[in-house]
Every structure is written in structure tokens, then in C-alpha cells.
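The values are calculated or read from the model by the stated rules, or taken from the named source; none is laboratory data. Keep in mind it's a predicted model, so treat the numbers as computed, not measured. Cβ placement follows ideal geometry from the backbone for every residue including glycine, while neighbour counts extend to all protein chains displayed. These area figures cover heavy atoms from the full protein model, side chains too; ligands, DNA and RNA do not enter into them. Shrake-Rupley method; radii C 1.70, N 1.55, O 1.52, S 1.80 Å.
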Amino acid sequence: MLRLQNPAALLLITAALALTSAGSLHAQEAPAASAEAPKVLRYAFRIAETGFDPAQISDLYSRNIAGAIFDAPLQFEYLARPVRLRPSTAESLPDISPDFKTLTFRIKPGIYFNDDPAFEGKKRELTAADYLYSIKRHFDPRWKSPNLYLLENARIPGMDALRREALQGKTPFDYQRAVPGLTLIDRYTFEVRTETGDPRFINQFADPSFLGAVAQEVVERYGDKIMDHPVGTGAWALTEWRRSSRMVLTPNPNYREVRYDEQPPADSPRLVAQAAKLQGRKLPMIDRVEIAIIGENQPRWLSFLRNEADLVDEVPNEYAPIAIPNNKLAPNLSKRGLQMVRYARADVAISYFNMEDPVVGGYTPDKIALRRAIALAIDLDKEIRLPRRGQAMASQGPISPGVFGYDPSLKTTMSEHDLGRAKALLDLYGYVDRDGDGWRDQPDGSPLTIEYSTEQDGEKRALAELWQKAMDAIQVRIKFRLAKWPENLKASTAGRLQMWGVGWSAASPDGDTFLSLGYGPSKGQSNKSRFDLPAFNALYDAQKKLPNGPERLALMTEAQKLLVAYMPIKFHVHRVYTDLAQPWVIGYDRNVFVRDFWSYLDIDTESLNQSRKP
């Protein structure tokens with residue numbers, strides 16, 4: 001991986017690659033300078049999508065696309081800080097019972113799905129039944145929903161029994177059977193009942209990539225190919241797709257009348273001015289979104305510098321010293337009018353241990369000591385300073401800044417680096433070199449080797465180098481299993497990986513999603529480590545029922561401490577991201593809980609055309 005140390009080097013490479021840049025975004029081929037020219041937003045994902053079915057996806061990139069195609073009843077306001085819910089397809093926020101166990105939604109009439117052959121040439125209106133069907137799909141064993149735990153944890157009466165019957169009888173899931181927890185009141189009104197009474201369950205209905213409405217006719221038409229055929233009521237339609245290469249979205253011609261009405265924070269003059277210009281405009285305001293998959297950071301970054309991309313979300317860490325020295329926009333980029341948006345993702349970078357693996361898993365003292373020793377060997381300061389280039393903070397536990405449950409005063413051993421203690425733990429529990437080859441063996445004398453799964457992009461290679469050095473320092477063999485991200489995700493869900501380095505991000509501003517990483521009933525879903533400790537599960541269940549406040553925070557903190565003690569997961573860092581947008585992009589900001597930000601953007605064609613002039 002090439003690491004650029006100064007702007008001069010960057011300019012030389014930029015010039016050299018301007019002629020040939022395999023895999024980079026292509027410049028628009030539309031004729032310049034026409035008021036009628038389509039407004040196109042171009043940028044890149046660094047990881048490929050897996051598909052677009054809300055009942056089957058869990059990765060960030062697929063969910064971002066699905067979030068633009070499908071509609072949930074609610075949404076988070078794009079520019080509001082702190083974040084705030086508002087109706088989307090619902091007429092208003094739901095009626096919620098005093099015990100938080102019953103939510104009643106009324107859907108606006110006159111909302112239509114995008115056209116599809118499944119509808120046989122007829123306009124298909126969104127109804128309350130579509131939302132009940134979409135909820136039930138997560139319980140259908142056929143779809144193996146990775147997000148089922150979010151609904152199971154709420155305990156919707158009747159749904160677990162319906163799922164269990166399908167599993168035990170190996171029969172098709174019965175969508176027609178009425179259950180006490182899901183009630184169709186009339187064409188546009190539905191009710192969801194839970195046994196948990198979670199005050200934050202409402203947030204799930206603001207994620208269109210999870211509870212977006214899917215039409216039953218579409219699922220029945222495409223069957224097992226439904227991942228490839230997203231048909232929703234959202235602002236966008238997928239009109240071109242080359243798997244793992246390119247996606248093009250254009251406005252859904254059946255999208256309802258929605259006008260720009262965002263209220264930016266007063267402390268952002270740029271957003272205040274831009275939002276004022278956009279007030280009252282019909283959404284979406286641009287004509288096309290083109291997304292390329294560019295796994296390597298260098299071509300992705302250079303395509304942005306050459307104006308082939310309109311924004312770069314997540315400036316690659318290796319270019320942070322050049323683009324944002326001292327976390328401020330570089331003078332040369334500032335002169336170009338580039339816009340900088342810096343934000344915490346509400347995520348955590350982790351390396352998990354498969355608790356069912358015979359080498360690193362288990363709850364006995366020797367297995368706990370092995371995992372803790374491996375964790376102590378990891379130098380987070382070096383990780384933050386080198387591959388992450390200062391764009392992160394060390395984790396003390398799973399819960400990230402920006403969500404309820406984060407305690408800035410919490411200090412644990414999770415962030416500690418101590419080779420001496422690591423070696424002492426291994427010695428104490430019998431992980432010693434028994435055959436004189438220089439590597440530690442297991443207590444029973446068999447060889448000790450850990451296998452770490454990762455991907456092949458530049459940052460992951462740099463992180464793997466640190467893992468290699470850390471394990472060499474404590475005489476533990478490590479080998480790396482390299483695969484593409486979607487392949488690792490599939491293997492991880494099936495419990496076939498011993499370890500994997502991956503990120504986890506929140507879909508709503510609450511720490512529950514981070515604690516779910518260790519919740520036993522969520523094995524294979526959010527809980528890739530397959531950790532299952534009754535004491536932790538009890539704390540998780542207890543905090544879920546409480547309103548936000550000191551009592552809930554205390555339970556969440558105790559749960560975090562158990563994860564630190566048993567170490568099923570090494571929590572590395574909470575990342576800080578910086579996005580850059582070209583000067584002609586109007587209205588850009590990053591709300592990590594809003595997936596479809598494209599609808600709120602405009603392109604200043606005059607500024608864009610000026611950039612094309614020699």
C-alpha cells in the first residue's frame with residue numbers, strides 16, 4: 001500500500017493516474033453546460049453490496065441502498081440535532097400506550113409502490129397490511145433474517161409460536177394466521193403489541209432497510225431472487241445494477257409529494273444558508289445517483305480529487321494527514337471550495353472470538369485467559385496512530401459516543417496494552433512452548449494457532465500487520481483467512497469463522513444495539529461471537545424495559561463490564577469519519593441514522609460546469 005507523505009507526492013501521482021485509473025468512477029459523459037442536463041450525484045462504496053431485501057440484509061452498504069428504495073412509517077429528520085423522529089408514510093407519530101407495549105400506526109392514503117410486473121399493470125397502493133406482512137417476513141425461517149433479534153427481543157405475542165411451528169414442522173410460514181401481537185385495524189391502520197414494553201421500540205419503525213414496506217406480490221413473483229428485485233414506495237428505484245461493481249438509482253416515478261422542510265442547527269452557517277435555498281423544493285431534487293464499488297482507497301480518493309466523484313464519504317485514513325491535517329481542511333482543498341463534514345459514526349470496530357470454537361471459545365478460566373492475553377497484546381495507541389491516522393478513539397466497551405448508554409467516565413482494561421501481563425496469563429494457564437519450536441502450545445500439548453478472517457483492502461492489510469506483530473510478541477501463531485466481505489459475512493453468520501475483524505454501527509441513537517453483540521438469543525444475528533452468558537442476558541433484558549435514566553445506564557454499564565471480563569469480543573475503537581463534498585453539492589451533511597441523504601441534496605449545475613472548463 002502506498003502511503004503519501006506530502007501534497008507534492010499526491011499531485012504527482014494524481015497526474016500520473018489521471019489517464020488510467022482502473023476501477024475509478026467515470027466522469028459524466030453528458031454534454032457540458034446545459035440547463036436541461038440531468039443532475040447526477042456520483043460517489044463510491046468501498047465494500048460491495050449483498051442485496052436489497054430488508055428481511056435478509058445486515059451490512060451497511062446494502063442497507064443504505066435499501067433505505068432509499070423502501071419506506072418505513074417513520075424517519076429521523078435529516079438535519080435536526082439532536083436527532084428527532086417524524087412521520088414518513090404514517091400520518092403522525094404512533095399512538096403509544098402508557099406502558100409502551102402497544103403502538104398504533106395510521107398510514108397516509110394515496111402512497112404507491114414503484115411499478116413492477118408483479119402488479120400486472122395496476123397501480124399498487126401502500127396499505128397497513130404491507131407493514132404487517134413485512135414484519136412477519138423476519139420471522140419466516142425461509143429468509144433467515146439477520147435482524148430478527150430486534151423483533152424477538154420485543155416479544156410480539158404469537159410470532160415466536162408461528163415461527164416455531166414452521167421450523168418444527170418444516171412447513172411454509174403461515175402469513176394469513178392472525179396473531180395477538182399484530183392487528184390490522186383497517187386498510188390504513190395497524191397495531192403492534194409487545195410484551196417487553198421497550199420505550200425505544202418506536203425507533204425500529206424509522207429504519208426502512210429493516211421495516212420498510214415490501215409488497216407480498218413482489219416476494220411471491222421473485223421468490224429466492226427477491227434480493228435482486230427491490231420494489232418499494234421510497235424516493236428511489238434501482239434502475240441499473242452490476243453486482244459488486246456499479247449501481248444507478250433514479251427517482252421513483254410514483255413517489256408521493258414531499259417537500260424540503262429541514263431545520264439545520266443554528267451553529268452551522270453553511271447548512272443554514274443552503275437549507276434556506278432549498279425550502280419548499282419537491283424531493284428528490286436530483287435526477288440520478290451513480291455508485292461505484294471501489295475497494296482500494298487510492299483510486300477512490302483520486303477519483304474525487306479529479307472531480308469524477310461529487311463526494312467521498314469516509315476520507316481514507318492514509319490520506320487524512322494530507323486532506324485534513326490536524327483535523328482541519330487542508331488549505332489547497334479549501335481553496336477549491338470543498339465542504340468538510342466531520343462526525344462520529346456511532347459505531348465500534350471489533351475483533352470477535354467464536355465462543356463455540358474449540359480453540360478460542362469457552363467459559364473456563366484457561367479460555368478466558370487466552371482471549372484476555374490476546375486482547376492485551378493489541379496496541380490500540382499504535383492502531384489509532386498508524387493505520388487509522390488518528391481518526392478514532394480507543395473503546396472501553398461496545399457502546400459508542402452519540403447514543404444513550406455511553407459513559408465517558410468508564411475506564412476498563414479493554415484499551416490496555418501490556419505484553420508482560422499477556423505472557424504471564426498464558427504461562428499461568430499452560431499456554432507454553434512444549435516442543436521448543438518458539439511457539440506456544442495449548443495446555444494439552446497440541447499446537448496453538450488462531451485464524452483471523454479479514455479482507456484485502458489497504459487498511460485491513462495494515463491492521464493485519466499489527467495483529468501479526470502483536471501475536472509474534474507473545475509467541476502465538478496466527479494465520480489470516482482472506483475473503484471478500486460478503487463471503488466473510490455469510491460464513492460468520494453460520495458460525496464458521498474463528499475470529500473476524502468487522503465494524504458494527506447503530507441504526508438509532510441507543511446503546512442497546514451494541515449490547516446485542518453479546519446477547520445469547522441473538523446468536524448468528526447481531527451476536528456473531530455466539531456469546532451466551534445468563535448473567536449478561538439478564539442484564540440486557542432488564543435494561544431494555546427501563547426508560548432512559550440513571551438506573552438503565554447503570555445496568556448497561558454492568559453489562560459492558562461482563563463483556564470486558566469474559567472477552568468474547570475485543571472492542572478496538574470508535575471511529576471518527578470525515579466526508580468531503582464538492583462545492584456544487586448543496587445541502588450535504590451526515591446524519592448516521594438517515595440512510596437516504598440523496599433526496600435532500602441538490603447540484604449547482606453552474607458551479608459544476610465551471611469546474612469542467614480547462
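Below, the figures for the structure above:
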{"item": "Under Karplus coefficients 6.51, -1.76 and 1.60, residue-wise ³J(HN,Hα) of the stretch 308-322 in Hz, glycine/proline x", "result": "7, 10, 8, 7, 10, 8, 6, 3, x, 4, 5, 9, 4, x, 8"}
{"item": "Pairs of Cα atoms farther than 17 Å apart, the stretch 153-202, %", "result": "44 percent"}
{"item": "Square roots of five times the Cα gyration tensor eigenvalues for the chain, Å", "result": "38, 34, 22"}
{"item": "Of the trypsin sites (Lys or Arg not before Pro) in the stretch 172-208, those whose Cβ has at most 13 other Cβ within 10 Å and which sit in DSSP loop", "result": "Arg177, Arg187"}
{"item": "Solvent-accessible surface ranking, highest first, for Arg575, Arg481 at 1.4 angstrom", "result": "Arg481, Arg575"}
{"item": "Carbon plus sulfur fraction of accessible area for the chain, probe 1.4 Å, in percent", "result": "53 percent"}
{"item": "Accessible surface, per residue, of the stretch 56-121 when the full set of protein chains is kept, probe 1.4 Å, Å²", "result": "39 Å²"}
{"item": "Solvent exposure of the stretch 353-433 as accessible area per residue, Å², 1.4 Å probe", "result": "40 Å²"}
{"item": "Residue-level accessible surface for Lys613, protein heavy atoms, 1.4 Å, Å²", "result": "130 Å²"}
{"item": "Residue-normalised accessible area of the stretch 469-614, expressed per residue, 1.4 Å probe, Å²", "result": "34 Å²"}
{"item": "Cα-based Lys pair tally, the stretch 86-195, threshold under 21 Å, eight or more apart or on separate chains", "result": "6"}
{"item": "Accessible area (Å², 1.4 Å probe, nearest 10) - Ile202", "result": "20 Å²"}
{"item": "Qualifying lysines (Cα of each under 22 Å from Cα of Lys39; at least 8 residues distant if same chain)", "result": "Lys277, Lys282, Lys613"}
{"item": "Gap separating the Cα centres of the stretch 458-524 and the stretch 41-71, nearest whole Å", "result": "20 Å"}
{"item": "Bridge type composition, the chain - antiparallel percent by DSSP, nearest 5", "result": "75 percent"}
{"item": "Antiparallel DSSP beta bridges within the stretch 412-566, percent to nearest 5", "result": "10 percent"}
{"item": "Residue-averaged 222 nm ellipticity for the chain, from DSSP H runs of 4+ at -39500 (n - 2.57), nearest 500", "result": "-8500 deg cm²/dmol"}
{"item": "Charge sum, other residues only, whose C-beta stays under 14 Å from Phe404's C-beta, Lys/Arg counted +1 and Asp/Glu -1", "result": "-2"}
{"item": "Candidate lysines - alpha carbon under 18 Å from Lys484, same-chain residues fewer than 8 apart omitted", "result": "Lys460, Lys528"}
{"item": "Modelled FRET efficiency - R0 25 Å, Glu257 with Glu217, Cβ distances, 0.05 increments", "result": "0.50"}
{"item": "Three-way shape label, the stretch 66-163, alpha-carbon gyration tensor, a/c 1.5", "result": "oblate"}
